[in-house]
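What follows draws every value from the coordinates through simple rules; no lab data is involved. Keep in mind that this is a model prediction, so the values were computed, not measured. With ideal geometry, Cβ positions are generated from the backbone for all residues, glycine too; neighbour counts draw on all protein chains shown.
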Amino acid sequence: MAKSVVPKAQRSFEKVNEIVRKYEAKESMLIPILQEVQEEYRYLPEEILTYVATALDISPATVYGVATFYAQFSLDPKGKYVISVCDGTACHVRGSSPVLDAIRKKVNLVDGKITTDDLRFTVQTVSCLGACGLAPVVVINDKVYGQVTKEAIELILDELIQKEAEGDN
């Protein structure tokens with residue numbers, strides 16, 4: 001599971017150095033390096049992108065270009081729990097919008113924000129999760145929930161919040 005986001009002032013490049021060494025500082029390994037860095041920090045901090053560029057002896061623009069080209073990468077901090085709500089045709093028709101609204105209300109996301117201030121939850125919509133038969137579909141981290149209703153998602157989130165409160169995360 002991904003680690004917690006480290007405040008900028010406390011961030012060191014030790015872990016980044018380990019990742020770069022693991023891939024022998026090869027430019028051709030930029031994507032796996034960025035994937036591991038993002039797994040560690042839950043996003044790609046700007047200063048780390050610059051550091052990776054220096055470590056691989058390539059331009060920061062090249063690293064930034066790769067990081068912004070692929071949808072898997074995020075330049076913004078993500079929550080511990082990333083909740084993806086499918087808004088493809090089947091899911092939308094079967095009620096994904098009320099489910100999304102219920103999630104946002106439950107985790108107190110307002111004003112168009114996608115990540116809670118405490119970095120516990122990131123809520124995003126995706127175009128399709130490829131599980132149309134289970135519509136509407138929600139994915140929390142890597143766990144898929146099908147035929148989700150407003151009531152069901154509230155119970156799922158209550159359980160998740162309770163497990164975390166008990167330290168079973």
* Where nothing but the Cβ of Lys and Arg (+1) and of Asp and Glu (-1) is charged, how large is the charge dipole of the chain around its Cα centre, in debye to the nearest 20? -> 180
* Local net charge near Thr115, Cβ-Cβ under 14 Å (Lys/Arg +1, Asp/Glu -1) -> +2
* May I ask which of Lys26/Lys113; Lys80/Lys105; Lys15/Lys105; Lys80/Lys106 have a Cα-Cα span longer than 25 Å here? => Lys26/Lys113; Lys15/Lys105
* Asked: In debye, nearest 20: dipole of the range 8-69 around its Cα centre with unit charges on the Cβ of K, R (+) and D, E (-)?
  -> 100
* Asked: Using the Cα atoms of the chain to build a convex hull, what is its mean projected area in square nanometres?
  -> 10.9
* Asked: So which cysteines of the chain have no other cysteine's Cβ under 4.7 Å from theirs?
  -> Cys128, Cys132
* Which of the listed residues, Thr115, Ile156, Val138, is farthest toward the dipole's positive end in the range 81-165, when Lys, Arg count +1 and Asp, Glu count -1 at the beta-carbon? -> Val138
* the range 81-165: mean projected area of Cα convex hull, nm² -> 5.1
* **Within the range 102-123: backbone nitrogen closer than 17 Å to the Glu46 label point (7 Å, Cα to C-beta)** => none
* To do: Just name one of Pro45, Tyr23, Cys128: the one whose Cα is farthest towards the positive end of the charge dipole of the chain (beta-carbon charges, Lys/Arg +1, Asp/Glu -1).
  => Cys128
* Structure fact -> At R0 = 22 Å the Cβ-Cβ FRET efficiency linking Ser12 and Ser59, nearest 0.05, sits at 0.40
* Find out how many positive minus negative residues lie around Ala135, taking Lys and Arg as positive, Asp and Glu as negative, among other residues whose Cβ is under 14 Å from that of Ala135. => 0
* Structure fact -> Relative contact order as a percentage, the chain, C-alpha pairs under 8 Å and 6+ apart, gives 19
* To do: Give, rounded to the nearest 20 debye, the magnitude of the charge dipole that the range 81-165 has about its Cα centre when Lys and Arg contribute +1 at Cβ and Asp and Glu contribute -1 at Cβ.
  => 160
* Let me have the 222 nm mean residue ellipticity of the chain computed from DSSP H runs of 4+ only, each contributing -39500 (n - 2.57), with the sum over all residues rounded to the nearest 500. => -13000 deg cm²/dmol
